[in-house]
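Notes for the one structure printed next.
The values are calculated or read from the model by the stated rules, or taken from the named source; none is laboratory data. Nothing here was measured: the structure is a model prediction, and the numbers come from that model. Virtual Cβ from ideal backbone geometry, glycine too; neighbours counted across all protein chains shown. Protein only, heavy atoms only, side chains kept; ligands, DNA and RNA dropped before computing areas. Shrake-Rupley method; radii C 1.70, N 1.55, O 1.52, S 1.80 Å.
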Amino acid sequence: MADFKAIAPYAVHFGRSLDEVGRDLESYVALLKKWQAVQNLVSRETLGAVWERHFADSLQVLSQLTAGDREFMDLGSGGGFPALPLAIASKGLDRHFVLVEPTARKVSFLRTVSRELRLNVTVIGRRSDEIDTRETPVPDVITSRALAALPLLCDWMEPFFAAKTRAILHKGREHVDELTESGAHWHYDVVVNKSDTDPGGVILTITNLKRKSAS
């Protein structure tokens, strides 16, 4: 039985009890370890510390959410972080998650976890630039973790951005350089919060994303 202390600080934001969320996350770990043998879903170095390095790191996003956040889009979902832990924690809160992941085996994994844990998740097995924005609900929140540098992420996120949309992004020590580089091509408002789990990491919250006009 896993010790749920790594995720306990976020339980106030869960849609059900800590034990219920913890048991679903245990099932997720079992599937992750099973599939890791044939598809590299997380680095081998972090697989043994999944509760701290992946679950707690994902669930810290919960403190940034509001009661009005209903539609989520996660770009480059990979092994499911942060979207699947957020979907597990959000059972009972009327939230829907769209996961965008082009790699076929990872898509199969994400769909398996979503099905077995009965999550309110839709997995799209394409790149974001291959998706017609009319196919998906307008997201209240866009998430992404360890996918790409911010200038490229802005390119991928912008077609899905509406007035109400905000992006909540995990970033590392390079975030200052990425903000400077992306600021040359994009208008946005940004709030920078220190990561709970990564001493050098931050959580960026971006709103009002618009491409700058060419001069």
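Some values worked out for this structure:
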{"read-out": "Test for ARG70: is it closer than 23 Å to LEU169 by Cβ and open to solvent by 50 Å² or more (accessible area, probe 1.4 Å)", "value": "yes"}
{"read-out": "Residue match in the stretch 111-121 (condition: under 27 Å from GLY201 (Cβ atoms), assigned to a strand (DSSP E or B) and β-branched (Val, Ile, Thr))", "value": "yes"}
{"read-out": "Qualifying residue in the stretch 86-102 (condition: on the phi > 0 side of the Ramachandran plot and out of contact with any strand residue (DSSP E or B) (no Cβ under 6 Å at 6 or more places or on another chain))", "value": "yes"}
{"read-out": "Selection count, the stretch 92-116, where residues are farther than 21 Å from ASN40 by Cα, more than 15 Å from the chain's Cα centre (by Cα) and surrounded by 15 or more Cβ atoms within 10 Å (Cβ to Cβ)", "value": "1"}
{"read-out": "Complete set of residues in the stretch 125-147 that are open to solvent by 20 Å² or more (accessible area, probe 1.4 Å), in contact (Cβ under 8 Å) with a residue 12 or more places away in the chain and not in a helix (DSSP H, G or I)", "value": "GLY125, ARG126, ARG127, PRO137, VAL138, ARG145, ALA146, LEU147"}
